[in-house]
Amino acid sequence: MRGVNRSIVVGRVGSDPELRSSKAGNPWCTFSVATDRRRKVKDQWVEETDWHRVKVFGREAEACQRFLRRGSM
């Protein structure tokens, strides 16, 4: 598919998914995912958290709303 990117984000859900519908009745939901990474600053390891905003469409959106909760992996 031209113009479509896919990414795999593995982390913890930061907020409960919010299920919505478009004007045409198609379901979609949004939620945030936190991923942690470690890097060395001078002689100490520092943990940093990156937040990703995720938007899911269709049947997958309904499944996300049903099964995902804040804090789940």
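Using 0.36 nm per residue of separation minus the Cα-Cα distance, give me the extension gain between Asn26 and Val4 in nm, one decimal.
6.0 nm
Note: relative contact order over the chain, using C-alpha pairs below 8 Å and six or more positions apart, is 37 percent.
For the chain, the Cα-based Rg and Dmax, in that order, read 15.6, 55 Å.
Taking 12 Å as the cut-off, the amide N atoms of region 1-35 that come nearer than this to a point 7 Å along the Cα-to-beta-carbon line of Ser72 belong to 13-18. Each residue was assigned an accessible area with a 1.4 Å probe, and for Ser15 the value is about 40 Å². Given R₀ = 30 Å, FRET efficiency for Glu47-Ser15 by Cβ-Cβ distance, to 0.05? For Glu47 and Ser15, the calculated efficiency is 0.90. Using a 1.4 Å probe on the protein chains only, how many percent of the accessible area of the chain belongs to carbon and sulfur? Within the chain, the accessible surface is 48 percent carbon and sulfur.
Annotation: lysines with alpha-carbon distance below 26 angstrom to Lys23 (same-chain offsets under eight excluded): Lys55.
May I ask you to give the solvent-accessible area per residue for the chain, in square angstrom, as obtained with a 1.4 angstrom probe? It would help to have the intermediate numbers written out before the result.
On the way: 6330 Å² over 73 residues.
On a per-residue basis, the chain sits at 87 Å².
The values are calculated or read from the model by the stated rules, or taken from the named source; none is laboratory data. Keep in mind that this is a model prediction, so the values were computed, not measured. Note that we place each Cβ from the backbone using ideal geometry, even for glycine, and neighbour counts take in every protein chain shown. Accessible surface is based on the protein model in full, side chains and every heavy atom, while ligands, DNA and RNA are left aside. Shrake-Rupley method; radii C 1.70, N 1.55, O 1.52, S 1.80 Å.
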